[in-house]
Amino acid sequence: MYLESKDIVDRPVDQVFALVRDDLPRLVPYMPNVDRIEVLSREQKDGEIRIVNQWFAKAEIPGPLKKVMKPEYFSWKDTATWIDAKKCVNYKIEALAAKGLFSVKGTNTFSPIHDGEKTELKIACEVEISPEKIPGVPGFLARGLKTPLEALIRAIMEPNLTSLAKQINSYFKKTGA
């Protein structure tokens with residue numbers, strides 16, 4: 001499934017880019033489906049910063065999936081390469097406890113608008129879901145879970161991806177930063 005979003009943040013691009021790159025865990029209280037984010041590593045090289053974060057989702061697992069899905073299946077590793085000169089981040093997200101259950105590849109672009117007073121945040125990513133990777137579930141049963149699993153993963157990830165600008169605006173409004 002393909003997800004795309006374009007929205008405005010009421011702050012200059014340098015401020016927005018730095019917040020999301022350097023202080024992403026500060027945004028957790030504004031993310032509806034995230035319990036916490038842990039920074040696993042950070043490496044700067046050749047004008048790029050590579051950051052690996054582990055995300056822990058808040059997941060309400062619906063009926064047909066409760067027997068086969070565990071909350072820890074909704075923890076993922078986010079490997080992001082931040083390119084300062086282009087004000088963008090390329091990322092890859094992978095399921096941790098259920099290897100291969102889902103993956104995301106995308107790019108977020110931060111662009112100055114309104115004479116540099118605001119930022120346009122564009123998010124574009126492709127999400128792949130493989131229900132046959134649910135641990136302990138035979139492939140023929142897992143295929144029948146694709147639709148509810150896709151709906152659950154969409155419900156968990158989409159608000160955090162596509163409403164990131166709203167979350168950033170809320171952060172700035174509440175903290176006055």
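Every condition in (1) within 26 Å of residue 112 (Cβ to Cβ); (2) part of a strand (DSSP E or B) is met by residue 35 except one, and the failing one is (1).
Among the residues of the stretch 110-134, those identified as of a type outside the set (Ser, Thr, Tyr), free of Cβ contacts under 8 Å to residues at least 60 places away in the same chain and surrounded by 13 or more Cβ atoms within 10 Å (Cβ to Cβ) are 131, 132, 133.
Quick grid of which residues meet (1) modelled with pLDDT of 95 or more; (2) crowded, with 16+ Cβ neighbours inside 10 Å; (3) touching a Lys or Arg at 6+ places or on another chain (Cβ under 8 Å); (4) not hydrophobic (A, V, I, L, M, F, W, C):
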residue	(1), (2), (3), (4)
98	no, yes, yes, no
108	yes, yes, yes, yes
155	no, no, no, no
161	no, yes, no, no
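Taking the criterion of being charged (D, E, K, R) and more than 18 Å from residue 50 (Cα to Cα), the residues of the stretch 89-140 that qualify are 99, 115, 117, 118, 120, 122, 126, 128, 132, 133. Quick test for you: out of 115, 84, pick the one residue that is among the charged types (D, E, K, R) and at positive phi. Only one candidate qualifies: 115.
Here is a yes/no grid of residues against (1) closer than 23 Å to residue 75 by Cβ; (2) in contact with a His (Cβ under 7 Å, 6 or more places away or on another chain); (3) loosely packed, with under 15 Cβ neighbours inside 10 Å:
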{"residue": "2", "(1), (2), (3)": "no, no, yes"}
{"residue": "9", "(1), (2), (3)": "no, no, no"}
{"residue": "23", "(1), (2), (3)": "yes, no, yes"}
{"residue": "29", "(1), (2), (3)": "yes, no, yes"}
{"residue": "33", "(1), (2), (3)": "yes, no, no"}
{"residue": "38", "(1), (2), (3)": "yes, no, yes"}
{"residue": "46", "(1), (2), (3)": "no, no, yes"}
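For the stretch 1-45, the tally of residues that are polar (S, T, N, Q) and touching a Leu at 6+ places or on another chain (Cβ under 8 Å) stands at 1.
The values are calculated or read from the model by the stated rules, or taken from the named source; none is laboratory data. In this text, all values refer to a predicted model and were calculated from it rather than measured experimentally. Neighbour counts are summed over all protein chains in view; Cβ atoms, including those assigned to glycine, are modelled from backbone coordinates with ideal geometry.
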